[in-house]
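The values are calculated or read from the model by the stated rules, or taken from the named source; none is laboratory data. Nothing here was measured: the structure is a model prediction, and the numbers come from that model. A quick note on method: Cβ atoms are made from the backbone with ideal geometry, for glycine too, and the neighbour counts reach across all protein chains shown.
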Amino acid sequence: MKFIHAADIHLDSPLCGLARYEGAPVEQMQSATRRAFVNLIDLACQETVDFVLLAGDLYDGDWKDYNTGLFFNQQMSRLREANIPVFIVYGNHDAGNTITRQLCLPDNVHEFSAQQAETICLDKLGVAIHGQSFPQRAVTDDLSQHYPRALSDYYNIGLLHTSVNGREGHASYAPCTLKGLLSHGYDYWALGHVHGREVLHEQPHVVFSGNLQGRHARETGAKGCTLVTVEDHKTTLTHCAVDVLRWAVCELDITPLQQVEDLLDCARDAVNQALQQADGRPLAVRFLIQGSSAVHAQLHSNPERWINELRAAATDTGLGNVWVEKTQLNTSPALDAPVLAEGPLGELMSTLRNLPADQDELQSLSAELKQLKQALPLEARHSERGSHVDPDNPDTIRQLLGGVEEFLMARLLAQQSFR
């Protein structure tokens, strides 16, 4: 027997953070979740699996229009033609009260109830599948507590969207414990919600398959599904990558560099290494520029130029298959501490660095920023950049202060020589 366990497809989810510059393949990136899902269906047909399990977050929220549902139905019809049934539980992104548009699904698709846990038996295979969908987005109860005990003489599978006992970066929905899952006596738990692949337990297996397609720079590496083979009472797992593009974070250290041009060579080397790990897929890169050296002043004296020089270096290295999602300049000047502490520059840096800890000063800055933002034209206030400036958020002000320090010091140091 063979089946596929997949989760967190997030159909038609926009890929986050892709910079819109000349040559950036925005449309190609935005269709990535659909193309990855097509690869999943292709894999199911090629492997002639007995069934497919989808463990929640098939959708990314309510459909913008019916095209999302029509696309999904088309892919389910392909599986029906191959005599492959599909079993779905819905999670927080596609809960019962979240999706307002509906289409009748092909008859090979079974949606588990959101009202209570239920069991579907595939008698010819000797398989019992237990599952329950989310009735609403924020499910805080342990749904697994109400799943039935394992049926004797069946291979029992639990299909569940859950955070288990908590995962960094994921909301604590339908929380449960590994001990609680194992107490049901199931042979396999097919979990969704966590986007990184994890095998929490073996024999019996408790598995997060991860998402099909990385959607931003925090979801790096191969993404796909789990192909499960059961033979002679032994369960074997194979991770199958079905993603169509990869994300990579390239950290570049300027500390040993003497000239800003040397940074471009470092970027080319980092992109080459990331491409080798991408298995021939297109690559979206985030550059994190860190460290302290004289290169800091060169970078910040004309950041727009050097950000685009890095884009050009990456594009040239990847022969059109690499795009820079973002470049973060987190560098600092290379100065001797005694020198820095003296004079007006030292006083300026001390003031800027002490401000984030001074609540009175932060409140004063917040009031001034509100006035400045209101003075902006309406289109600037609601632009992509303007929408991220929240004067009521202390963390926003602290981040802006860091940028002010880099901006001022780079320009002042470019004008002055220290001895």
Query - Test: residue in region 215-225 that is under 22 Å from Ser133 (Cβ atoms), in contact with a Leu (Cβ under 9 Å, 6 or more places away or on another chain), at pLDDT 95 or above and surrounded by 24 or more Cβ atoms within 10 Å (Cβ to Cβ) - result: yes
Query raised in the report: Could you say whether any residue in region 121-129 is in contact with a strand residue (DSSP E or B) (Cβ under 7 Å, 6 or more places away or on another chain), touching a residue at least 60 places away in the same chain (Cβ under 8 Å) and crowded, with 23+ Cβ neighbours inside 10 Å?
Result: yes
Query raised in the report: Out of curiosity, is Asn108 polar (S, T, N, Q), farther than 26 Å from His195 by Cα and touching a Leu at 6+ places or on another chain (Cβ under 9 Å)?
Result: yes
Report task. Keeping to region 219-239, report how many residues are of a type in the set (Ser, Thr, Tyr) and free of Cβ contacts under 8 Å to residues at least 40 places away in the same chain. Result -> 3
Query raised in the report: Which residue out of Phe418, Phe407 is at pLDDT below 65 and not in a helix (DSSP H, G or I)?
Result: Phe418
Query raised in the report: In this structure, does Tyr173 turn out to be over 30 Å from Gly320 (Cα atoms), out of contact with any helix residue (DSSP H, G or I) (no Cβ under 9 Å at 6 or more places or on another chain) and surrounded by 15 or more Cβ atoms within 10 Å (Cβ to Cβ)?
Result: no
Report summary line: Taking region 240-253 and the residues there that are touching a residue at least 40 places away in the same chain (Cβ under 8 Å) and not β-branched (Val, Ile, Thr), the one that is surrounded by the fewest Cβ atoms within 10 Å (Cβ to Cβ) would be Cys240
Query raised in the report: How about region 167-282: which strands (runs of 3 or more DSSP E) wholly inside it have at least 1 residues that are in contact with a Ser or Thr (Cβ under 7 Å, 6 or more places away or on another chain)?
Result: 188-192, 205-208, 224-231, 234-241, 246-253
Report summary line: The one condition Phe134 fails out of (1) more than 26 Å from the chain's Cα centre (by Cα); (2) under 13 Å from Gly56 (Cα atoms) is (1)
Requested in this report: Give me the pairs, please: first residue somewhere in region 321-335 and over 11 Å from His300 (Cα atoms), second residue anywhere and among the aromatic types (Phe, Trp, Tyr) and modelled with pLDDT under 90, beta-carbon distance under 7 Å, and either six or more positions apart or on two chains.
Outcome: Leu335/Phe418
**Report entry** Filter pass, Arg80 being surrounded by fewer than 21 Cβ atoms within 10 Å (Cβ to Cβ), at pLDDT below 95 and either more than 19 Å from Val242 (Cα to Cα) or in the same structural domain as Gln145 (by TED's automatic domain parsing) (or both)
**Finding:** no
Report task. Kindly indicate whether any position in region 285-305 is at positive phi and either in a helix (DSSP H, G or I) or among the acidic types (Asp, Glu) (or both). Result -> no
Report task. Residues being part of a loop (DSSP other than H, G, I, E, B) and either at pLDDT below 95 or touching a His at 6+ places or on another chain (Cβ under 6 Å) (or both): count how many of those fall in region 36-57. Result -> 2
Query - Matching option when the condition is over 30 Å from Ala138 (Cβ atoms), at pLDDT below 95 and not basic (Lys, Arg), among Ala32, Ala24 - result: Ala24
Query raised in the report: Within region 315-331, can you find the residues that are closer than 24 Å to Ser293 by Cβ, crowded, with 17+ Cβ neighbours inside 10 Å and among the polar types (S, T, N, Q)?
Result: Thr317, Thr327, Thr331
Query - Considering residues of region 112-131 that are in contact with a Ser or Thr (Cβ under 6 Å, 6 or more places away or on another chain) and not in a loop (DSSP other than H, G, I, E, B) only, the residue farthest from Ser144 (Cα to Cα) - result: Ala128
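A quick yes/no check of all residues on (1) at pLDDT below 75; (2) loosely packed, with under 10 Cβ neighbours inside 10 Å:
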| site | (1), (2) |
| --- | --- |
| Ala337 | yes, yes |
| Leu348 | yes, no |
| Leu355 | yes, no |
| Asp360 | no, yes |
| Glu368 | no, no |
| Leu378 | yes, yes |
| Arg381 | yes, no |
Query raised in the report: Looking at Tyr154, Tyr186, Tyr90, which is the one that is within 29 Å of the chain's Cα centre (by Cα), hydroxyl-bearing (Ser, Thr, Tyr) and surrounded by 15 or more Cβ atoms within 10 Å (Cβ to Cβ)?
Result: Tyr90
Report summary line: Exactly one of Thr33, Thr100 is assigned by TED's automatic domain parsing to the domain that holds Ala190 and assigned to a loop (DSSP other than H, G, I, E, B), and that one is Thr100
Requested in this report: Give Gln276, Gln298 a once-over and let me know the one that is of a type outside the set (Ser, Thr, Tyr) and either in contact with a Pro (Cβ under 6 Å, 6 or more places away or on another chain) or surrounded by fewer than 16 Cβ atoms within 10 Å (Cβ to Cβ) (or both).
Outcome: Gln276
